[in-house]
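Take a look at the structure below.
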Amino acid sequence: MNRQRASDCLTQLQGALKVSTLYPDGHPGIQIPLQNFVRELSELLPSDGTLVLGIVDDVLAFGEIPFYDTSTAWRALFMALQARGIESIAFSTGIEADEVLGLVQILKGRESDEPENLAALWKEYEIRHASYTELASDDDSRARARRAYRDSLSMIIDTMTELRAGRIPSTRAAVEVVDRMRGIILEDPNALLGMTMLKSYDDYTYTHSVNTSIFCLALGLQLDLVPAELRAFGIAGLLHDVGKVRTAESIIRKPGPLTDEEMRLIRLHPELGAEILDSMQGMDPAARTMVLQHHLRFDRQGYPQRLAADEIHPLADGVAIADCYDALTTTRPYQRAHHPGEAVRIIQGQAGTAYRPDLVERFVGMLGTYPVGEAVRLTTGEIAVVVVQNPLDATAPRVRLATDPDGNPLAETPELDLAEPSEAKRRIVAALDPLSKGIDVAAILENDPEPGS
């Protein structure tokens, strides 16, 4: 099969998928690419009458042709397949536009907190000339967390790019990635919290947005928020700085102190962000309010100052705490990264002034005595990095060894459970600054050995 013809065919399917969020089913904007797809597909179908579209090792494949640029050109189609848990779709001779429309509706997804049953949807839309296989279930929560984090990062990059180009991004994309992260956090909070320590200076604007959303979701879980509240909280964290796309890049990336005028412009970003969320169809008003208010401070001495006397969303301060914690634990041109325990103490010191005291207490409780990413010295003299909290004993988390007792870096970084009787000789003595010991926390967290290896 010719690559260009395969690409042209998939372009029609992805085009129908994209416009399906904008127009009703019968609109020409959807019908034309659907009919084009069916026509081109019929010409490409081989003699056996079946052509497969699917995901192979994180690559989109159509027939035997791989399409590697799944984070850019084919992102919408790739993410839709992933989000619906579809590994492959086998198209057969005789497929009609109405069946492909049903497939597009399935790929588009529905606003629901319940997982979708593919078999039921296939039957509902009467798709007779295409079959599917589901993605194999992944029992490794860390692998799922890495994938969700990567997709969330891709989504926020796309959102910022769309806004810089003067286009209004999709609300659905934000909802989908937040719902995926919410599901992982409900199952295993540590998996995504660990991802927040994999800092990237070059991608700070984007990783900071995703990290803030993760911290909001984890805090929301501690607060027993209902699903709709938790989703809005996560979306507010994800989009809290989106207004900065309307601020000059030279100001955003300035390595030194800002002038008074530059500071005035920076302080417009909550209002600009709220305007952007207002323009996004279907956006939860609560998320918009939190974005507007996340720099007001608990003492209401922040900005926008005209809001100080208004009714404040109770979770706006939560976004502020999550925002601050991630910023403190990230190296910036004007500051070194604070280690997690140090960042916690800074935030605790501002409880009652910058931050709502009860939310600070819940946030600190969520992070634990030794937060994920904290470097600690053990009684054996070894240095380790915390990778998983222990809900039953905050002083005995799972850790990954970084050095031997003499402080020499380890080529392999075994993961140990300090709660196990076999590790009784190892206890945490104190937290320490990893930079002072030459320890790259992100590199250690990215290394994923078998426990006890």
Practice problem: Could you please find all residues in segment 351-379 being surrounded by 21 or more Cβ atoms within 10 Å (Cβ to Cβ), hydrophobic (A, V, I, L, M, F, W, C) and either assigned to a helix (DSSP H, G or I) or within 22 Å of the chain's Cα centre (by Cα) (or both)? | Solution: Leu359, Val360, Phe363, Leu367, Val372
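Criterion first (in a helix (DSSP H, G or I), of a type in the set (A, V, I, L, M, F, W, C), in contact with a strand residue (DSSP E or B) (Cβ under 6 Å, 6 or more places away or on another chain) and modelled with pLDDT of 85 or more) does Phe91 satisfy it? If you could, list the steps in order and put the result at the bottom.
Working: in a helix (DSSP H, G or I): no; of a type in the set (A, V, I, L, M, F, W, C): yes; in contact with a strand residue (DSSP E or B) (Cβ under 6 Å, 6 or more places away or on another chain): yes; modelled with pLDDT of 85 or more: yes.
Taking the combined requirement at face value, the residue does not satisfy it.
Can you confirm whether Gln305 is closer than 19 Å to Thr353 by Cβ, free of Cβ contacts under 8 Å to residues at least 12 places away in the same chain, assigned by TED's automatic domain parsing to the domain that holds Pro357 and not aromatic (Phe, Trp, Tyr)?
Considered against the rule, which asks whether it is closer than 19 Å to Thr353 by Cβ, free of Cβ contacts under 8 Å to residues at least 12 places away in the same chain, assigned by TED's automatic domain parsing to the domain that holds Pro357 and not aromatic (Phe, Trp, Tyr), Gln305 comes out as yes.
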Self-check item: Subset of segment 220-238 that is among the aliphatic types (A, V, I, L, M), in a helix (DSSP H, G or I) and touching an Asp or Glu at 6+ places or on another chain (Cβ under 9 Å) - its residue that is surrounded by the most Cβ atoms within 10 Å (Cβ to Cβ)
Solution: Ala236
Practice problem: Residues being outside any strand (DSSP E or B) and closer than 18 Å to Glu420 by Cβ: count how many of those fall in segment 380-390. | Solution: 4
Self-check item: Filter pass, Arg345 being outside any loop (DSSP other than H, G, I, E, B), out of contact with any Lys or Arg (no Cβ under 6 Å at 6 or more places or on another chain), surrounded by fewer than 21 Cβ atoms within 10 Å (Cβ to Cβ) and not β-branched (Val, Ile, Thr)
Solution: yes
Practice problem: Would you mind finding the one in Glu124, Glu114 that is loosely packed, with under 14 Cβ neighbours inside 10 Å and at pLDDT 85 or above? | Solution: Glu124
Quiz item: In segment 15-57, which residue that is part of a loop (DSSP other than H, G, I, E, B) and touching a Ser or Thr at 6+ places or on another chain (Cβ under 7 Å) is nearest to Ala73 (Cα to Cα)?
Solution: Thr21
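Which ones in segment 214-229 are in contact with a Phe, Trp or Tyr (Cβ under 9 Å, 6 or more places away or on another chain) and not β-branched (Val, Ile, Thr)?
Phe215, Cys216, Leu217, Ala218, Leu219, Gly220, Gln222, Leu223, Leu225
Filter segment 58-87 down to residues that are assigned to a strand (DSSP E or B) and within 21 Å of Asp158 (Cα to Cα) and give me whichever is modelled with the lowest pLDDT.
Of everything passing the filter in segment 58-87, Val59 is modelled with the lowest pLDDT.
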Practice problem: For segment 242-252, state whether one or more residues are free of Cβ contacts under 8 Å to residues at least 60 places away in the same chain and part of a loop (DSSP other than H, G, I, E, B). | Solution: yes
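Restricting attention to segment 154-178, report how many residues are of a type in the set (Asp, Glu) and either without any contact (Cβ under 8 Å) to a residue 60 or more places away in the chain or surrounded by 21 or more Cβ atoms within 10 Å (Cβ to Cβ) (or both).
1
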Quiz item: Which members of segment 292-316 meet the condition of being buried (at least 23 other Cβ atoms within 10 Å of the Cβ) and assigned to a helix (DSSP H, G or I)?
Solution: Leu292, Gln293, Ala316
Quiz item: Which of the residues that make up segment 195-217 are surrounded by fewer than 24 Cβ atoms within 10 Å (Cβ to Cβ) and more than 12 Å from the chain's Cα centre (by Cα)?
Solution: Leu198, Lys199, Ser200, Tyr201, Asp202, Asp203, Tyr204, Thr205
Exercise. Would you please name the residue that is surrounded by the most Cβ atoms within 10 Å (Cβ to Cβ), looking only at residues in segment 390-439 that are of a type in the set (S, T, N, Q) and over 24 Å from Thr331 (Cα atoms)?
Key: Asn390
Quiz item: Does segment 255-262 include one or more residues that are touching a residue at least 24 places away in the same chain (Cβ under 8 Å) and assigned to a helix (DSSP H, G or I)?
Solution: no
Quiz item: Do we find a residue being in the same structural domain as Leu186 (by TED's automatic domain parsing) and of a type in the set (Ser, Thr, Tyr) anywhere in segment 344-366?
Solution: yes
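The values are calculated or read from the model by the stated rules, or taken from the named source; none is laboratory data. Just so it is clear, the structure is predicted and the values come from calculations on it, not from any experiment. All Cβ positions, glycine included, derive from the backbone under ideal geometry; neighbour counts span all protein chains shown.
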